[in-house]
1. Would you call residue 277 in a helix (DSSP H, G or I), closer than 21 Å to residue 158 by Cβ and open to solvent by 10 Å² or more (accessible area, probe 1.4 Å)?
2. When the stretch 280-294 is examined, which residues are found to be assigned to a helix (DSSP H, G or I) and open to solvent by 20 Å² or more (accessible area, probe 1.4 Å)?
3. Please name all residue pairs, on different chains or six or more residues apart, with Cβ atoms under 8 Å, provided the first residue is in the stretch 295-312 and is within 11 Å of residue 265 (Cα to Cα) and open to solvent by less than 40 Å² (accessible area, probe 1.4 Å) and the second residue is of a type in the set (Ser, Thr, Tyr) and part of a loop (DSSP other than H, G, I, E, B).
4. On the given criteria, is residue 185 touching a residue at least 60 places away in the same chain (Cβ under 8 Å), more than 21 Å from residue 252 (Cα to Cα), open to solvent by 30 Å² or more (accessible area, probe 1.4 Å) and out of contact with any Leu (no Cβ under 6 Å at 6 or more places or on another chain)?
5. With (1) in a helix (DSSP H, G or I); (2) touching a Leu at 6+ places or on another chain (Cβ under 6 Å) as the list, and residue 152 as the residue in question, which single condition is left unmet?
6. Just one of (1) in contact with a Lys or Arg (Cβ under 9 Å, 6 or more places away or on another chain); (2) closer than 20 Å to residue 190 by Cβ; (3) in contact (Cβ under 8 Å) with a residue 40 or more places away in the chain trips up residue 2, so point out which.
7. So, in the stretch 6-26, how many residues would count as being over 18 Å from residue 98 (Cα atoms) and assigned to a strand (DSSP E or B)?
8. Can you tell me which of 228, 199 is within 14 Å of the chain's Cα centre (by Cα) and either charged (D, E, K, R) or more than 20 Å from residue 322 (Cβ to Cβ) (or both)?
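The values are calculated or read from the model by the stated rules, or taken from the named source; none is laboratory data. These numbers were taken from a predicted model, which means no experiment stands behind them. In this analysis, Cβ positions are derived from the backbone assuming ideal geometry, glycine residues included, and neighbour counts consider all displayed protein chains. Calculation scope for accessible area: heavy atoms of the full protein, side chains included, ligands and nucleic acids excluded. Shrake-Rupley method; radii C 1.70, N 1.55, O 1.52, S 1.80 Å.
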Amino acid sequence: MRIDIHSHVIPDRIIAAIAADPGRFQARIAGEGGARKVVHDQGYVYPLFDEFHIADAKLDAMDRKGIDISVISPAPPMFYYWADADLALEVAGLVNDGTADMVAGKPDRLRGMATVPMQHPDAAVAELERAVREFGFKAVEIGTSVEGAQLAEERFRPLLRRAAELGVFVFAHPYYVGAKSGLENYYLTNLIGNPLDTTVMLANLMFSGRLDELPGLKLVLAHGGGFTPYQIGRLVHGHAVRGETHGISKTSPKDLLKRIYFDSLVFEPQALRYLIDLVGADHVCIGTDSPFDMADDHPAATLDAVPRMTPAERHCVCCGTALALLREG
């Protein structure tokens with residue numbers, strides 16, 4: 001069995017809301033039929049593939065890729081972290097209700113992942129509790145940053161703590177990386193900006209002591225954890241020699257890294273081999289990033305190409321790790 005923990009949706013409920021009131025949602029649905037696109041006032045545009053909102057289309061794509069179960073999560077533009085409390089909570093509710101609709105229609109193949117209005121911490125905790133209580137969701141997706149604010153900030157601790165208490169794993173996914181210096185061209189905002197945002201988030205969580213304070217937190221990182229696994233030695237060395245890095249957290253970054261979970265989306269067999277060797281196959285899951293163009297459309301072939309993959313490792317990456325996170329194992 002193969003379980004994909006990184007598969008995105010934009011449910012019909014939020015699509016309808018945007019179409020009905022583009023001014024309020026600062027986005028519009030352009031085009032007709034299979035050519036529809038979501039156009040955000042902030043400037044980014046992407047196709048509204050059927051797979052985003054039609055459960056049967058999602059299953060067809062899963063079948064093509066050899067995926068048995070997908071844990072579906074909102075596409076990051078649906079985070080709405082810039083919005084006021086009323087709009088942010090409305091969007092989260094529409095997305096979560098719509099995700100639950102998709103799961104209810106295909107319960108054998110789909111699992112749901114909540115979204116919450118992170119910029120309004122009390123509302124975020126309340127919406128997480130609702131998604132768990134009403135829909136049985138066992139995961140929540142959050143941005144690696146919240147409109148520039150780091151997850152290590154004190155105001156986000158209640159949400160992280162509540163997720164740990166509820167046994168819900170937290171899937172951290174880059175939100176939107178603007179054209180920072182040097183990233184203006186060649187789609188580097190995604191190619192480098194996304195993994196960089198994840199790296200910055202994790203380093204802050206490590207050195208701030210947040211991970212020490214939340215030993216029960218199950219944190220899953222998209223895109224193989226960004227650059228952190230591949231530069232962990234530098235963080236370890238810095239923790240040993242720089243007072244800024246060990247002033248709060250006394251735990252080695254390498255020990256903290258082994259508590260983190262990762263998807264397999266690194267596009268390089270040797271890199272995935274290294275990640276498995278570093279943190280263990282029981283901390284790695286399949287992630288495709290479907291249906292975006294930066295997806296892995298051949299996850300089985302990806303695993304086949306990993307050097308020295310043992311049957312036990314394959315089982316963990318394919319389904320064992322995900323089943324444990326979902327508490328279905």
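1. Working: in a helix (DSSP H, G or I): yes; closer than 21 Å to residue 158 by Cβ: no; open to solvent by 10 Å² or more (accessible area, probe 1.4 Å): yes.
Criteria not met by residue 277.
2. Of everything in the stretch 280-294, those that are assigned to a helix (DSSP H, G or I) and open to solvent by 20 Å² or more (accessible area, probe 1.4 Å) turn out to be 282, 283.
3. As it stands, the answer is 295/288; 296/264; 296/288; 299/264; 299/288; 302/264; 303/264, since those pairs meet every condition given.
4. Numbers: touching a residue at least 60 places away in the same chain (Cβ under 8 Å): no; more than 21 Å from residue 252 (Cα to Cα): yes; open to solvent by 30 Å² or more (accessible area, probe 1.4 Å): yes; out of contact with any Leu (no Cβ under 6 Å at 6 or more places or on another chain): yes.
It is false that residue 185 is touching a residue at least 60 places away in the same chain (Cβ under 8 Å), more than 21 Å from residue 252 (Cα to Cα), open to solvent by 30 Å² or more (accessible area, probe 1.4 Å) and out of contact with any Leu (no Cβ under 6 Å at 6 or more places or on another chain).
5. Residue 152 satisfies every listed condition except (1).
6. Single failed check for residue 2: (2).
7. Going residue by residue through the stretch 6-26, those that are over 18 Å from residue 98 (Cα atoms) are 22-24, 26.
Next, only the ones that are assigned to a strand (DSSP E or B) stay: none.
Final tally of qualifying residues: 0.
8. Details: 228 fails: within 14 Å of the chain's Cα centre (by Cα).
That would be 199, the only listed residue that is within 14 Å of the chain's Cα centre (by Cα) and either charged (D, E, K, R) or more than 20 Å from residue 322 (Cβ to Cβ) (or both).
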